[in-house]
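Visitor: Got a structure for you, written out below as structure tokens; questions coming shortly.
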Amino acid sequence: IYLPCNLGDREQEYIILHEQHHIKRLDHVMKALAFFALAIHWFNPLVWVAFILASKDMEMSCDEKVLGGAEHIRKAYSITLLSFAANRRFPSPSPLAFGETGVKGRIKNILNWKKPALWVTIAAILLCAVVLVSCAANPPLTATETAYGWASAATEESVKNVIIRTGRSEYEWRR
């Protein structure tokens with residue numbers, strides 16, 4: 001982590017905490033994989049949207065981790081973020097430094113951030129569990145839903161309906 005030499009202790013601490021969270025979560029690996037997916041699917045607008053939103057989410061979650069419920073550092077952290085964005089020396093096609101991506105949105109998120117209530121977290125976990133169980137459930141097939149069961153349960157009337165719907169004559173169907 002490269003830091004400018006004219007930083008105060010508090011700013012240094014915020015930046016290091018932010019970057020340590022990126023390292024702990026292996027964001028550098030995820031970003032490389034995202035760049036790879038973007039290189040393969042560069043023509044797909046949904047991949048571009050996913051890449052941009054994932055990058056924003058990475059930054060905002062690290063910001064929230066630095067805040068960690070400490071109300072008194074919101075203003076100082078926002079000022080640090082803004083000062084880094086204002087003192088950019090050169091434009092970069094790949095934002096790799098603290099305070100270079102979506103600063104306006106990040107500051108708004110920091111100032112409006114509240115730790116979610118316990119009941120919201122529990123409700124979200126329960127909802128995810130219900131969706132997971134619902135999607136993972138695979139009910140057994142009944143006798144009429146299997147190929148053999150349909151053939152054995154077929155009546156002459158149901159076979160005629162199939163012949164009529166497909167537009168084939170009985171002669172063509174039996175061949």
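Visitor: With every protein chain in place, what's the accessible area of CYS135 (1.4 Å probe, Å², nearest 10)?
Guide: Spelled out: CYS135, probe radius 1.4 Å, area about 110 Å².
Visitor: Now for a separate question. With labels modelled as points extended 7 Å from the Cα through the Cβ direction, what inter-label distance (nm, one decimal) is found for ILE1 paired with VAL130?
Guide: Here the modelled spin labels are 4.1 nm apart.
Visitor: Once you list every other residue whose beta carbon is under 15 Å from the beta carbon of LEU53, what net charge do they have if Lys and Arg are +1 and Asp and Glu are -1?
Guide: On the way: positive: LYS31, LYS56, ARG106; negative: ASP27, ASP57, GLU59.
Neighbourhood net charge equals 0.
Visitor: Using 1/(1 + (r/R0)^6) with R0 = 25 angstrom and r between the beta carbons of GLU13 and ALA117, what's the FRET efficiency to the nearest 0.05?
Guide: Values: r = 28 Å, r/R0 = 1.13.
Calculated value: 0.30.
Visitor: Of all chymotrypsin sites (Phe, Trp or Tyr not before Pro) in region 14-78, which ones are in loop regions per DSSP and have a Cβ with at most 13 other Cβ atoms within 10 Å?
Guide: Numbers: sites: TYR14, PHE35, PHE36, TRP42, PHE43, TRP48, PHE51, TYR77; in loops: TRP42, PHE43.
In loop regions of region 14-78 (DSSP not H, G, I, E or B), the sparsely surrounded chymotrypsin sites (Phe, Trp or Tyr not before Pro) are TRP42, PHE43.
Visitor: Any idea what % of Cα-Cα pairs in region 1-85 are farther than 15 Å? Please list the in-between numbers first.
Guide: Working: 2276 of 3570 pairs.
When all Cα pairs of region 1-85 are counted, 64 percent exceed 15 Å.
Visitor: Just tell me which lysines come within less than 17 Å, Cα to Cα, of LYS31; anything on the same chain fewer than 8 places away is out.
Guide: LYS56
The values are calculated or read from the model by the stated rules, or taken from the named source; none is laboratory data. Source: prediction; values computed, not measured. Positions of Cβ are generated from backbone atoms using ideal geometry, with glycine treated the same way; all protein chains shown enter the neighbour counts. Heads up: the accessible areas ignore ligands, DNA and RNA and are worked out on the full protein's heavy atoms, side chains in. Shrake-Rupley method; radii C 1.70, N 1.55, O 1.52, S 1.80 Å.
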